[in-house]
1. Does the range 53-66 contain any residue that is more than 17 Å from the chain's Cα centre (by Cα), among the hydrophobic types (A, V, I, L, M, F, W, C) and more than 21 Å from THR306 (Cβ to Cβ)?
2. Go through (1) part of a helix (DSSP H, G or I); (2) in contact with a Ser or Thr (Cβ under 7 Å, 6 or more places away or on another chain); (3) surrounded by 20 or more Cβ atoms within 10 Å (Cβ to Cβ) one by one and return the number of the condition GLU325 breaks.
3. Testing TRP26 on (1) under 22 Å from the mean Cα position of the chain (by Cα); (2) modelled with pLDDT of 95 or more; (3) open to solvent by less than 70 Å² (accessible area, probe 1.4 Å), one condition comes back false. Which one is that?
4. Answer yes or no as to whether ARG291 is assigned by TED's automatic domain parsing to the domain that holds LEU118, over 18 Å from PRO124 (Cβ atoms) and of a type in the set (D, E, K, R).
5. If you go through the range 374-395 one residue at a time, do you hit one that is buried (at least 20 other Cβ atoms within 10 Å of the Cβ) and within 19 Å of GLU265 (Cβ to Cβ)?
6. Which of the residues that make up the range 142-175 are in contact with a Leu (Cβ under 6 Å, 6 or more places away or on another chain) and free of Cβ contacts under 8 Å to residues at least 40 places away in the same chain?
7. Across the range 428-462, which residue is nearest to the chain's Cα centre (by Cα) among those that are surrounded by 10 or more Cβ atoms within 10 Å (Cβ to Cβ) and of a type in the set (Gly, Ala, Ser)?
8. Take the residues in the range 79-109 that are in a helix (DSSP H, G or I) and basic (Lys, Arg); name whichever of them is farthest from PRO387 (Cα to Cα).
Amino acid sequence: MKELADFVKRCEDEGELHRIKTEVDWNLELSHIAKLNEEARGPALLFENVKGYDIPVLTSAFTTARRLAIGLGLPVDMSMSDMAREWMKATTKELVRPKMVDSGPVFEMIVKGDDVDLEAFPVPYMYPLDGGRFVGTAVYLVTEDKETGWTNLGTYRMQIHDRNHCGIQIIKGKHADFHFNQHKKDGTKMPAAAVIGCDVVHFLVSSTLVSAQLDEYDIISSLRAEPCEIFKSDLTGLKLPANAEIILEGWVDPKDLREEGPFGEYTGYYSGAKGEEWPKQVLHVERILRRKKPIFWSTTVGKPITDTHMIQSLNRTGTLWTDLENMRVPGIKSVYIPPESTGRFWAIVSVEQKYPGHSNHVGNAVIATTTGHYGLKGVIVVDHDIPADDWDRVMWALSVRFDPLRDAQIIKRGRSTPLDPALPIDARQITSRIIMDACTPYEWERKPQEIFLDPAMKEKVISRWKEYGLADKGVMPVGKHNL
Ligand SMILES: Cc1cc2nc3c(=O)[nH]c(=O)nc-3n(C[C@H](O)[C@H](O)[C@H](O)COP(=O)(O)O)c2cc1C
Ligand SMILES: [Mn+2]
């Protein structure tokens with residue numbers, strides 16, 4: 001898969017795409033259709049007739065595990081945790097490097113100077129109290145490190161201010177913030193480009209906590225097991241994807257900071273109310289590279305579960321697992337950051353214990369990783385018989401293997417996210433965390449006796465299952481429970 005249209009086609013082939021041909025307004029209607037569709041776990045949507053525009057809008061691309069699997073080129077019935085395992089495997093080998101090319105479909109149309117108009121695209125207005133139209137949701141910003149030449153891809157929301165300016169919400173400590181600070185120090189403008197629509201893996205990776213100095217193009221190429229095609233821009237000098245739909249190119253002036261938002265965020269609350277947040281960077285768009293007939297990609301945000309939460313769940317589980325693997329923490333069986341936790345606030349890890357305190361080692365390791373040290377509120381560790389993504393059994397473990405006084409540890413200070421509505425609006429830099437160890441202590445000599453079925457009788461019953469007439473009723477003896 002090389003471009004966004006390849007994903008759309010694969011979804012269509014799998015019955016996972018719906019084309020909306022009736023006229024839809026970009027002003028609230030489009031986002032409300034998408035949100036209600038996502039609540040119902042519906043298909044990806046391609047809005048082909050957006051009022052006033054002849055460019056289609058793609059939403060709900062990744063609302064289900066099935067479509068994430070399609071996007072990653074994995075078997076469609078793979079679970080989120082198993083997909084994250086594949087992610088970990090692909091990114092803990094020697095990384096595949098991108099390939100430099102001279103041109104690509106994104107050069108079909110070049111719009112410059114006074115012709116630049118961000119409202120030429122069918123940008124949705126999403127929630128009633130939003131501060132404007134957000135041109136960047138399924139977007140990534142490309143920036144470069146002045147000292148090391150490291151190229152970074154990061155997904156940061158972008159709001160249209162006017163024809164050729166959009167605000168960017170780069171949260172402190174994000175990689176584009178590192179690059180911005182270099183320019184702020186020198187008083188120079190930062191070259192930057194916003195990419196909207198590309199091979200879908202680009203977006204999965206740009207919204208991922210890949211470690212600093214690691215080039216996201218390498219991760220993209222490694223997940224695809226094929227070099228992605230990039231070119232060096234003659235305008236900004238940045239390395240940009242040749243197969244993108246739309247690229248907004250220009251620069252960020254350290255002196256031009258403006259209010260941005262509010263925006264109905266993935267937490268289920270608005271963020272960026274007037275006067276309540278820090279002023280945000282602005283992309284001055286000098287040139288637009290685009291296809292003649294691009295697909296405009298947008299993601300709904302808001303309350304879980306939308307495709308934003310599914311994306312975060314998958315890619316953060318992937319990077320957390322990669323980090324744990326790189327730390328050589330033994331015995332990890334599965335890892336999961338549930339989309340219900342907005343795809344970021346809670347992690348669950350299953351471990352096969354091999355020494356006293358092993359499960360605690362895992363809990364502490366999680367919160368020391370790049371993913372786990374940022375915004376995470378809690379980690380639940382379970383024994384190896386419980387898959388991390390089997391919530392029913394995780395709750396069982398918290399009920400029968402967990403003693404709060406012994407097994408919970410509160411860590412008082414850690415990096416938070418300014419979007420966390422559980423923290424006071426003027427004190428969102430730091431959060432506490434909890435480690436909940438729901439494993440039976442390894443060192444116990446007398447362990448409680450767990451119930452299992454008689455293995456021979458279980459086999460016999462399964463072999464005679466049809467005779468009992470239960471199969472005809474659609475009841476099959478293969479639950480996920482460890483009986
Ligand atoms: C749909 C979506 C929107 C996001 N919006 C923002 C945002 O506005 N600001 C931000 O700092 N991070 C945002 N994130 C999270 C970042 O993309 C993520 O932290 C990523 O690691 C940033 O790239 P970096 O690590 O290279 O800085 C968003 C993620 C998703 C999936
Ligand atoms: Mn990065």
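The values are calculated or read from the model by the stated rules, or taken from the named source; none is laboratory data. Model, not experiment: these values are computed from the prediction. Cβ coordinates were reconstructed from backbone atoms using ideal geometry, including for glycine residues, and neighbour counts include every protein chain displayed. Quick note on the areas: whole protein, heavy atoms, side chains included, nothing else; ligands and nucleic acids left out. Shrake-Rupley method; radii C 1.70, N 1.55, O 1.52, S 1.80 Å.
1. Yes - at least one qualifying residue is present in the range 53-66.
2. Of everything listed in (1) part of a helix (DSSP H, G or I); (2) in contact with a Ser or Thr (Cβ under 7 Å, 6 or more places away or on another chain); (3) surrounded by 20 or more Cβ atoms within 10 Å (Cβ to Cβ), GLU325 misses just condition (3).
3. For TRP26, the exception is condition (1).
4. Judged against the criteria, ARG291 is a match.
5. Within the range 374-395, one or more residues are buried (at least 20 other Cβ atoms within 10 Å of the Cβ) and within 19 Å of GLU265 (Cβ to Cβ).
6. Selection gives TYR156 alone.
7. Per the criteria, the residue is SER432.
8. Per the stated criteria, the residue is LYS89.
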